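The values are calculated or read from the model by the stated rules, or taken from the named source; none is laboratory data. Quantities reported herein were computed from a predicted structural model and do not represent experimental measurements. FYI the Cβ positions are ideal-geometry reconstructions off the backbone, even for glycines, and counts take in every protein chain you see. Areas reflect the complete protein model, heavy atoms only, side chains present, ligands, DNA and RNA absent. Shrake-Rupley method; radii C 1.70, N 1.55, O 1.52, S 1.80 Å.
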Amino acid sequence: MKGYFTGALAAALLGAACLFYCFAAEEVSGIILFAAGLLLGGAAGLLAMGIGRRRQAAETDKLAQTAAAIASGDYTRRASFQAGPLLPLRGGINAMAESLQNTREELRQQRAQMRGVLEGMDDGVVAVDADGRTLLYNDRAGQLLDCTLADGQILAGGTAADLRSRLLAAMQAGKPGRETLTLPDGRMLEVYIAPLRPMSGALAVMADVTKLRKLETMRSQFVANVTHELKTPLTSIMGYIELLKGEPRKEAVRQDFYEIMQIEAERLQHLIDDLLLLGEIENSRDMHLQSCDLSAILGEITRSLRPLAQKQQVTLHTDAEPGLSITANPLRLRQLFTNLLDNALKYNRPGGSVEASARREGDALIVRVADTGIGIDPSHFERLFERFYRVDKGRSREMGGTGLGLSIVKHIVQLYGGEIQVESRPGEGSVFTVRLPGPEPAAAEPVKA
C-alpha cells in the first residue's frame, strides 16, 4: 500500500507542476511539459509499486520458511521482520511457536518423570497399542521377560509373544484380569492385565512370584508334616490311655503301657522343642555373641554323648586343634555339633566309629564329622537338609528322630555365614564338613564353654 501511495503522490505533484507551467508558457510547450509530467509521475508510481511488491514477497517467503521449520519440529524458530502488512501474522506465528515449545518441554519433563517412576518399580511394566507395539515399558519388564524392549517394538518370541496375545485378548474383552506366566527356566510371573480405553491398547504389570510360590508350597508341606508328626505320638498315647481305662490290667502290663506313653511323650516334647528352636533360629539374629573355645565345646559334647555311643556300640573320638576360637553363641554351637554327632551315632553300625576333627584352614574354621555308618545315596543330597526329610523313614522313627536335626544344623551354619557339605555313599559312611568364617581377632580371649 505504501508503494501505491508514493507513486500516486509523485504523479500528482509532477502533474500539478506541469499545469502551473502551462499557464506561464506557450500553448505547445505547455502541452508537451504536461504530458512529460504525466509520464514521469506514472513511471515513479510503477517503480514504487514494484519495490513494495518485492518487499512483501520477501517477507511472505521468510514467513513461509519459518512456518515450515516450526511444522518440522524446530520450535525455536521465529519470524524476524519488523514492519509491513504481514506484521500481525508474524506475531501470531511466533506466539504459536513459543506455545508449542513450552508444551513440548512440559511433555518431555512429564515423560522423564514417568520413566523415573517406572524404573524405580520392582515390578515390570509394559503397555502396547492396538497392534501390539510397545508404548511404554521399564527395564524390569525386559529382565522378567528375558528380552530387549524398544519403543514401537512388537512383542515377539517366547514369553513376550505369549504376553502380547494376552494383552490383545484383554483389550478385545475390555476388562482387566490376573494371569500366571510360567517361563522356560521355571520362573513364575503373576501378571495384572488391563485394557487402555477406548480400544487403544493394554497395560501389563508383572511380578516374579517364583520364591513366593515356593515358600507357599514349603509352608503347606511343613504344616502337613508337623500335623503328621504330632498326630503319630498323640494317637499312640491316646490309644494306651483308652486301653488302661477299658479294663483292669496287670501291673507289669500297665508299666509297659506307661513306658511306651512316656517314650511317645518325650518324642512329642523333642519335636516341639526342635520346632521352637528352628523358628527361633530362622526369625531372629543371634545377639548373644562371645568368644568361644571350639575345642572345649567339642570335648564337652563328646563327653555328654559317650553313653549313647556305648549303647550303639560305636567308638567316638575327637581331634581338635588347640586354641580354636570363634565369635558365636555357645548354645548355638552346642546345638550344631550335638545334632551332627548324634546323627552320626544313631545311623552307624555296631563296631563302627565316629571321628570329629576341627582345624583352621586359612581364614576359616573347618569341622568334619566322619562316620562308618549306613551311608547316604547322592540322590538324597539335594533335600537332605529339608525339614522332616528322612532318608530311611522307618529307621529314623525307630531311633526317635524328629526329622529336624540336619535342618537345624544347616540354619545355624547359615546364621554365622558358613556353609555345610556332605560326602557319602551307601554302605561306606558319611562325612559332614562345616566351614565357619574366621579367624577370631587376636585381642579376643576365648571363653571356656
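Solvent-accessible area per residue in the stretch 278-322 equals 60 Å², computed with a 1.4 angstrom probe and all protein chains kept.
In terms of overall dimensions, the stretch 179-221 has a Cα radius of gyration and Dmax of 14.0, 46 angstrom.
Output the pairs from LYS250/LYS346; LYS231/LYS346; LYS211/LYS231; LYS211/LYS346 with a Cα-Cα distance over 32 Å in this structure; if there are none, say none. Walk me through the intermediate numbers first.
Values: LYS250/LYS346 34 Å; LYS231/LYS346 24 Å; LYS211/LYS231 30 Å; LYS211/LYS346 35 Å.
From LYS250/LYS346; LYS231/LYS346; LYS211/LYS231; LYS211/LYS346, over 32 Å: LYS250/LYS346; LYS211/LYS346.
With the simple spin-label model, which puts each label point 7 Å out from Cα in the Cβ direction, the THR433 to GLN101 separation comes to 7.2 nm.
So for the stretch 323-433, averaging the separation of alpha carbon pairs under 8 Å that are six or more residues apart and normalising by length, what relative contact order in percent results?
Working: 159 pairs, mean separation 34.1, N = 111.
About 31 percent, as a whole number.
For the pair ARG306 and THR148, a Förster radius of 60 Å applied to the C-beta separation gives a FRET efficiency near 0.40, rounded to the nearest 0.05. What percent do you get for the relative contact order of the stretch 244-396 when only Cα pairs under 8 Å and 6+ apart count? For the stretch 244-396, the relative contact order is 18 percent.
Per the 1.4 Å probe, what fraction of the accessible area of the stretch 247-382, in percent, lies on carbon and sulfur atoms?
Working: 3680 of 7240 Å².
Its accessible area is 51 percent carbon and sulfur atoms.
Highest mean packing comes first when the peptides 322-329, 172-179 are listed by Cβ atoms within 10 Å, giving 322-329, 172-179. Distance distribution note for the stretch 129-224: the fraction of Cα pairs above 16 angstrom is 57%. Highest mean packing first, where packing is the average number of other Cβ atoms within 10 Å per residue, the peptides 345-357, 231-243 line up as 345-357, 231-243. Taking Cβ atoms as reference points and 14 Å as the exclusive limit, the residues near GLN221 contribute a net charge of +3, counting Lys and Arg as +1 and Asp and Glu as -1. The string of couplings for the stretch 162-171 from the Karplus curve (6.51, -1.76, 1.60, θ = phi - 60°) is 4, 5, 4, 4, 6, 5, 5, 5, 5, 5 Hz, one whole number per residue in order, with x for Gly and Pro. For the stretch 167-212, the solvent-accessible area with a 1.4 angstrom probe is 55 square angstrom per residue. Put simply, the amide H of LEU136, placed in the peptide plane, has neighbours under 5 Å in ALA127, leaving out anything fewer than 5 places away on its chain. Ignoring aspartates and glutamates fewer than eight residues from LYS245 along the same chain, the ones with Cα atoms less than 19 angstrom from its Cα are ASP256, GLU259, GLU264.
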